[in-house]
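Take a look at the structure set out below.
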Amino acid sequence: MTTANVLSGVRVLDFARYIAGPYCASLLGFLGADVIRIEKPGEGGEDRYIGPVSADASAVFLETNCNKRSLTLDLKHPAAKDVVRRLVSQADVVIANFPPARLKKMGLDYDTLRAIKPDIILTTQTAFGHQGPWADRSGFDGLGQVMSGSAWLSGTPGNPARSATPFADYSTAVLGAFGTLAALYQRRATGEGQHVQASLLGSALAAFSPTLIEQGLLDINRQPTGNRGQTAAPVDIFKTRDGHIITQVLGKGLFGNMARAIGATHWLDNPAYGNDIARGEKRDEICAEVAAWAADRTNAEAIDILAAAGVPSGPVLNVADALEHPQTRAMGFLGSVEYPGCERPAPIPRLPLDFSSITPQQTRPPRIGEHTDAALTEFGFDAASIAALRAAGAV
């Protein structure tokens, strides 16, 4: 195994904040890209202070900013325009998660960047894409969730439920990184740059698309049922003697295994339970039997019985238990990353992929402006120029 150098030689300028843009850049860094985060002098980016875990870092910041160097630059300063021009002229990828109008105002739109470096790749993450009446509105993950239909169907009647997991943000980050890799591959073949555009609403719509497709074709108008599945059964969270478990039973084979495992073989002779859709329509009566069975057992007893029968099931873990579960530990995806000011190493996930012959790199997130002088020197600024920029408050 060798350290990942898939993107060695690729220089990325990260102007993004919060999750979708920064994590996109971090993913490229896992594969060996040189990622330089551009943030405000003195205070850094806003994402450093969302639920802080140290004086200058939040959990969100730590998770989305591994594998980067920090260069401070006040983009509103008169000197910043020339600095950005110099940086872009020697970069391969620019990442920015701002609406189109603000992107243009900042001089980070594709036409402006392409005039500086014709083969530049610009990867943007917006709330609502680059077209349409909402294109210039800003937004966070929750907007993508609720506008895709996901939060409405995930709740109960009259009580929509946003997922605590910002899946729109993270899927947008992954799609942005995927698109950037495609653009780099194309540029290698054609010499052309590219504007890669990802959006929170687009990602959420894609993740929720089976339900949207069903609605578009059948006008089925599903109503929310909380944790309980609608197109198969038993799909639900069940209370046990000492906690909760989930089961997800899809298909005839698994349904038969479940029936035999809990002693409900009468299900198998019931024509009303003949396929997944039929079982989904009878979900309440099926799940009621599973609930009664689970209530008499501990989590471990129920899961062991179901696992022996080949039925997908698992415990509902609280946050502390999720960190310590044996399977989480065995997978090794939660690293142990030191960050100045934190009392103990942070369990920051490594790249959640395994390769047969490379090991993705993981370096700690940077302190504010930690690499400003070194990075500017690499871009051709001499010591006097850097000192002048610092004296003027530009960096």
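Numbers for the structure displayed
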| item | result |
| --- | --- |
| Count of residues meeting criterion [polar (S, T, N, Q) and in contact with a Lys or Arg (Cβ under 9 Å, 6 or more places away or on another chain)] in region 127-169 | 4 |
| Helices (runs of 4 or more DSSP H) (entirely within region 241-345) containing at least 1 residues that are in contact with a Phe, Trp or Tyr (Cβ under 6 Å, 6 or more places away or on another chain) | 252-261, 276-281, 283-295 |
| Region 362-379 residues that are within 20 Å of L28 (Cβ to Cβ), paired with ones that are β-branched (V, I, T) and crowded, with 18+ Cβ neighbours inside 10 Å (beta carbon under 6 Å, 6 or more apart) | R364/V337; A375/I36 |
| Region 89-130: number of residues that are surrounded by 18 or more Cβ atoms within 10 Å (Cβ to Cβ), in a helix (DSSP H, G or I) and free of Cβ contacts under 8 Å to residues at least 24 places away in the same chain | 1 |
| Close pairs from region 336-347: first among the charged types (D, E, K, R), partner surrounded by 11 or more Cβ atoms within 10 Å (Cβ to Cβ) and not in a loop (DSSP other than H, G, I, E, B), Cβ under 7 Å, at least 6 apart | none |
| Residues of region 90-101 satisfying the condition of being under 22 Å from A177 (Cα atoms) and of a type outside the set (F, W, Y) | Q90, A91, D92, V93, V94, I95, A96, N97, P99, P100 |
| Flag if A278 is farther than 25 Å from P224 by Cα, surrounded by 12 or more Cβ atoms within 10 Å (Cβ to Cβ) and in the same structural domain as S313 (by TED's automatic domain parsing) | no |
| Flag if I237 is within 27 Å of the chain's Cα centre (by Cα), surrounded by fewer than 16 Cβ atoms within 10 Å (Cβ to Cβ), in contact (Cβ under 8 Å) with a residue 40 or more places away in the chain and assigned to a strand (DSSP E or B) | yes |
| Total residues in region 351-385, condition part of a helix (DSSP H, G or I) and surrounded by 18 or more Cβ atoms within 10 Å (Cβ to Cβ) | 3 |
| Any hit, region 241-257, residues being under 14 Å from W152 (Cα atoms) and surrounded by fewer than 13 Cβ atoms within 10 Å (Cβ to Cβ) | no |
| Options R86, R69, R48: the member that is touching a strand residue (DSSP E or B) at 6+ places or on another chain (Cβ under 7 Å), among the charged types (D, E, K, R) and part of a helix (DSSP H, G or I) | R48 |
| Residue, farthest from the chain's Cα centre (by Cα), within region 197-217, restricted to residues that are under 14 Å from Q125 (Cβ atoms) and outside any helix (DSSP H, G or I) | Q197 |
| Failed item, numbered, when R85 is tested on (1) crowded, with 18+ Cβ neighbours inside 10 Å; (2) farther than 23 Å from P349 by Cα; (3) touching a helix residue (DSSP H, G or I) at 6+ places or on another chain (Cβ under 8 Å); (4) touching a residue at least 24 places away in the same chain (Cβ under 8 Å) | (1) |
| Matching residues in region 185-196 - criterion: being outside any loop (DSSP other than H, G, I, E, B), in contact (Cβ under 8 Å) with a residue 60 or more places away in the chain and either surrounded by fewer than 20 Cβ atoms within 10 Å (Cβ to Cβ) or touching a Phe, Trp or Tyr at 6+ places or on another chain (Cβ under 8 Å) (or both) | R187, H195 |
| Region 15-45: number of residues that are touching a Leu at 6+ places or on another chain (Cβ under 9 Å), among the charged types (D, E, K, R) and either outside any loop (DSSP other than H, G, I, E, B) or over 17 Å from E370 (Cβ atoms) (or both) | 3 |
| Some residue of region 303-314 being closer than 20 Å to S154 by Cβ and modelled with pLDDT of 95 or more | yes |
| Residue list for region 303-317, filter: within 12 Å of P234 (Cβ to Cβ) and surrounded by 16 or more Cβ atoms within 10 Å (Cβ to Cβ) | L306, V311, S313 |
| Subset of region 131-171 [in a loop (DSSP other than H, G, I, E, B), among the aliphatic types (A, V, I, L, M) and farther than 26 Å from A182 by Cβ] | A161, A164 |
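Conditions (1) modelled with pLDDT of 95 or more; (2) farther than 23 Å from A91 by Cβ; (3) among the acidic types (D, E), marked per residue:
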position: D321; (1), (2), (3): yes, yes, yes
position: G341; (1), (2), (3): yes, yes, no
position: R344; (1), (2), (3): yes, yes, no
position: L351; (1), (2), (3): yes, no, no
position: D354; (1), (2), (3): no, yes, yes
position: R367; (1), (2), (3): yes, no, no
position: L376; (1), (2), (3): yes, no, no
position: A384; (1), (2), (3): yes, yes, no
position: A388; (1), (2), (3): yes, no, no
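The values are calculated or read from the model by the stated rules, or taken from the named source; none is laboratory data. Since we're looking at a predicted model, the values are computed, not measured. Here Cβ is always computed from backbone atoms with ideal geometry, including for glycine, and neighbour counts include all displayed protein chains.
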